[in-house]
Structure formats: structure tokens, C-alpha cells
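To keep things clear, I will list the structure first and then write my remarks on it.
The values are calculated or read from the model by the stated rules, or taken from the named source; none is laboratory data. What you are looking at is a predicted structure, and each value in this text was computed from that prediction instead of being measured. Cβ placement follows ideal geometry from the backbone for every residue including glycine, while neighbour counts extend to all protein chains displayed. Areas reflect the complete protein model, heavy atoms only, side chains present, ligands, DNA and RNA absent. Shrake-Rupley method; radii C 1.70, N 1.55, O 1.52, S 1.80 Å.
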Amino acid sequence: MQAASQTSPRSDAAQGAWARVFRVFFALVPTRAVRAMRKAVQIGPIEELVIVGRRSGQDRRVLIVLAQVGSLWYVGHPNGDSANWVLNLIAAGRARVITRAGATAVRAVLLGPGEERDIAIRQHTSQQKALPTRLLYRAARTYITSAGAFFRLEPETEK
């Protein structure tokens, strides 16, 4: 008999399948083209996050969906800490968000299970504007809830 804390092999297989789907999906995103389009026109809530690399110490730039709930900003990745930028953000604890309005230094708070994380995931999913992306995120909702890493970004105040 399986212990309650273990997942079934079928669940593990589904988790692995979704992880692969998202890895392939993000590998196929034409980042240069999205960056160029983002500079020319507003294409949804896609912004740039600049994080210091945990091993290199160099700035790493990643395009992210910046979900906003009231005055709060949220970012996340469906594959959680399988994404290098997530590991970098966990290690650094801070980043810069670059929007059309300028750059904002932020402190990143990794969200644990609970209401705020659920809200962040729902908002992040609803912000996916392109049809294939929106459908993918909705179909993978259970996976994203279990595996995803989501952060609240808090503007840093000058001291």
C-alpha cells in the first residue's frame, strides 16, 4: 500500500509529461522576436526581469509575464525550480523589473502553498494572451499548482 505522501506512478508520469511540454514550449519561443516586438508595441504584460546569476554573478535577463493584482506584482514559472531564472531569483532574493515606465528594484518573496499563491497562479494564467499559451496553461492547471514556483515582487525602498 502506498503512503499518503507518495504520488501514484500515473501522477508522476503526468508531471513529467507536463514538465517536458513546458520545456519544449519555452525553447520554441522566439525570444529575440518577442523582445523586438515588446520594444515596438505593448504585447500584453510581458516585461523583462534582470536577475544576478547564482554562479556567474552576471546579470541574466528573462522575459516574464508580470501579473498584477491591485498594487502587487507576481511572476512565476510552471516548471518551478527546473527553470534557471527561478533558481537565480531564489538565490539572489532580488531583481530589477524593466517596464516601459522604467526599472524598479524589487525583493522577491517565494510563495508557499496558500491563498496568495493560488491568486498569483490564477492571475498569471489569465494573463496568458496568446491562444495556444492560454490553452496550455489552462490544461496544465493542476500541474502548475503542484510544481510551479511563484513570487511576489515587492518594490525596494531607498534607505
Seminar exercise, completed: Given (1) in a helix (DSSP H, G or I); (2) open to solvent by 20 Å² or more (accessible area, probe 1.4 Å); (3) not polar (S, T, N, Q), A103 misses just (1)
Exercise. What residue, of V65, V29, is surrounded by 10 or more Cβ atoms within 10 Å (Cβ to Cβ), touching a Gly at 6+ places or on another chain (Cβ under 8 Å), aliphatic (A, V, I, L, M) and at pLDDT 70 or above?
Worked result: V65
Exercise. Among the listed residues Y137, Y143, which satisfies the condition of being assigned to a helix (DSSP H, G or I), among the hydroxyl-bearing types (S, T, Y), open to solvent by less than 70 Å² (accessible area, probe 1.4 Å) and within 16 Å of D81 (Cβ to Cβ)?
Worked result: Y143
For this session: Say whether the condition of being farther than 21 Å from F22 by Cβ and either part of a strand (DSSP E or B) or not aromatic (F, W, Y) (or both) is met by at least one residue in region 72-89.
Result: yes
Problem set entry | Counted residues, region 119-133 - those being open to solvent by less than 70 Å² (accessible area, probe 1.4 Å) and of a type outside the set (S, T, N, Q) | 5
